[in-house]
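Below: the structure, in structure tokens.
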Amino acid sequence: MNENEPSEILESEILGSQNDSRLSALRKYTGTPWGLGRNVVMATASFLIAALVGYGLTDASFTDSQNHTVFILVFAILLWLTEAVPPFAVGLLIICFQLVAYGTPIVNSAPVDAQKYLNTWSSSVIFLMLGGFFLADGMRKTGLDREIFRLAISLFGRKPGNVLLGLMLTASVLSMVMSNTATTAMMIAAVMPFLRSLPAEAGFRKAVLVGIPAAASVGGMGTIIGSPPNAVAVGALAQAGVTVSFLDWMLLGAPLALVLCFGFWFALGKKYPWGPTPVEIDLGSPDEDLCSSRRNRYIVIGTALTTMGLWLTSGLHQIPVATVSAVPVAILTVTGVLEAKDMRGLPWDTLMLVAGGLALGLAIVDFGVAEFYLGQLQLHGAKVVSLMLIFGFITVILSNVMSNTATAAILIPIAGILLDDKSAIVTIMIALSASAALLLPVSTPPNAIAYSTEMIKPREFRYGGVLVGGTTPVLVVGWVWVLWTFLH
């Protein structure tokens, strides 16, 4: 891209392919095209391994439903790990397989009603996330996301350290209500002209390109709608009869997100000394062309304030957070702020992945699969804190190489059974730890976006991956345990 081209071009290119950003970065990282042939081979191998494990190595006492559950669990894990098919397609596959395998007499000697697994599509978690998507898209379409970004950065002056802190805090806060992928794309696009003016080995350039995606990733801890693993955790707890309000989650997640953001900013200053030279980032003037009218912008502002207010005060008025999510869905469509073409652009694939993950977790619990294998492992005598830390670090490791939503969907039911008396704490802990995977260019879409600029090498991500990934489970276990106990 020419140095004088507008930064919006980069943002549109990134946002246009954000759902494939992990694979795009992996292709660039390895230099391998990874086409259809590779995917067919990996999918076939995954199926054969899953069939061997699911139907050949299970216990003789297992029912057909248990055997089918083990098969789809192993098959889903392998597909998510290899990305032989898109992650959302695995979510759809799980539900379709369950409908056939559990409810059809031909393949199940004791068929059960499989409707409950299809009903995860109508889970309150799905509607909660949908409300967040509508709000985020309304902010994007009316240019409010850029206005918030412009205002936030203007408050931090021109000192390099202050500018980086402003960028990271803005990314972290915006990611609590917007997609961390979209937030990272917008912010990196805005600072690209300035970054191009710096020498290739400039510490500040590296700090910005590592700091923004890291802050956006950990910022997702802050709210239920900030990251899909959070929604998976809330859905799993709801199925177990435990209600977590929007405010409860913010009290648990937002302080952690901000502490990690400040801590990593400080660490970046030690690793990449940038000197006292003032930084000049040209944010331009407010772009009214992004907004069809002031009316639309005021509608989005009013809708966002109303929705957030109702979410945060659900304990007072007793309106479920999923019901509140109908506010942005109804208002932004009825008033014409969001149109049919905007609906087609929403991240429906994320909802498919979450619904599939919830259905898989429900089956693992219903048929006692996790309980059986955990009993065989005889881990019940281990210390509770040790087990929580083990699950936290496993979550971080798996989230670095596969979807963090899929990781949460697999581990949450298992951990909930193993640590039954602390199931709420370990469930929340796993969801929060899933946002700490920063080790590789392909660990998270924000990392992939930063890497796609070709201004940063893969080794630069290791610093944040080790630092944030190594400390987050410890911080999360201590913080969530203390605060959850206090709140309940």
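Listed by first and then second residue, the pairs with beta-carbon distance under 7 Å, at least 6 apart or on different chains, first residue in region 234-246 and touching a residue at least 12 places away in the same chain (Cβ under 8 Å), second hydroxyl-bearing (Ser, Thr, Tyr) and assigned to a helix (DSSP H, G or I), are Ala236/Thr427; Leu237/Thr427; Ala238/Ser124; Ala240/Ser423; Ser245/Ser314; Phe246/Ser314. Out of contact with any helix residue (DSSP H, G or I) (no Cβ under 7 Å at 6 or more places or on another chain), under 25 Å from Glu371 (Cα atoms) and of a type in the set (A, V, I, L, M, F, W, C): does that describe Phe62? When the stated conditions are applied, Phe62 passes them.
Only helices (runs of 4 or more DSSP H) whose full extent lies in region 35-134 are considered here, and the ones with at least 1 residues that are closer than 27 Å to Val242 by Cα are 64-82, 87-103, 115-118. Out of curiosity, is Ala254 in contact with a Pro (Cβ under 9 Å, 6 or more places away or on another chain), within 30 Å of Ala436 (Cβ to Cβ), at pLDDT 85 or above and of a type in the set (A, V, I, L, M, F, W, C)? Spelling it out, it is not the case that Ala254 is in contact with a Pro (Cβ under 9 Å, 6 or more places away or on another chain), within 30 Å of Ala436 (Cβ to Cβ), at pLDDT 85 or above and of a type in the set (A, V, I, L, M, F, W, C). Just to be sure, is Trp80 surrounded by 13 or more Cβ atoms within 10 Å (Cβ to Cβ) and in contact with a Pro (Cβ under 7 Å, 6 or more places away or on another chain)? It is true that Trp80 is surrounded by 13 or more Cβ atoms within 10 Å (Cβ to Cβ) and in contact with a Pro (Cβ under 7 Å, 6 or more places away or on another chain). For region 430-473, a tally of residues being small (Gly, Ala, Ser) and more than 17 Å from Gly220 (Cα to Cα) returns 3. Only residues in region 451-464 that are under 17 Å from Leu195 (Cβ atoms) count as the first member; pair them with residues that are of a type in the set (Gly, Ala, Ser) and modelled with pLDDT of 90 or more, Cβ under 6 angstrom, at least 6 apart or cross-chain, and list the lot. As it stands, the answer is none, since no pair meets every condition given.
Working carefully through the options Leu93, Leu128, find the one that is within 29 Å of Met176 (Cβ to Cβ), surrounded by 15 or more Cβ atoms within 10 Å (Cβ to Cβ) and in contact (Cβ under 8 Å) with a residue 24 or more places away in the chain. Show your work before the answer.
Details: Leu93 fails: within 29 Å of Met176 (Cβ to Cβ).
Among Leu93, Leu128, only Leu128 is within 29 Å of Met176 (Cβ to Cβ), surrounded by 15 or more Cβ atoms within 10 Å (Cβ to Cβ) and in contact (Cβ under 8 Å) with a residue 24 or more places away in the chain.
Annotation note: Cβ proximity below 7 Å between a residue of region 163-179 that is on the phi < 0 side of the Ramachandran plot and a residue that is among the acidic types (Asp, Glu) (sequence gap 6+ or interchain) occurs for Leu174/Asp145; Met178/Asp145.
Of all the helices (runs of 4 or more DSSP H) wholly in region 369-488, which have at least 1 residues that are among the aliphatic types (A, V, I, L, M) and modelled with pLDDT under 85?
Details: elements: 369-377, 384-399, 404-418, 423-433, 445-452, 460-487.
So the answer is 369-377, 384-399, 404-418, 445-452, 460-487.
Of the residues making up region 194-210, just one is in a helix (DSSP H, G or I) and without any contact (Cβ under 8 Å) to a residue 60 or more places away in the chain, namely Val208. Scanning region 273-316 for residues that are at pLDDT below 65 and assigned to a helix (DSSP H, G or I) yields Glu288, Asp289, Leu290. State which residue is farthest from Gly211 (Cα to Cα) when the search covers only region 422-470 and only residues that are crowded, with 24+ Cβ neighbours inside 10 Å and hydroxyl-bearing (Ser, Thr, Tyr). Among them, the one singled out is Thr427.
The values are calculated or read from the model by the stated rules, or taken from the named source; none is laboratory data. Because the structure is a prediction, the values reported are computed rather than measured. Every residue, glycine among them, receives a Cβ derived from its backbone with ideal geometry; neighbour counts consider all protein chains shown.
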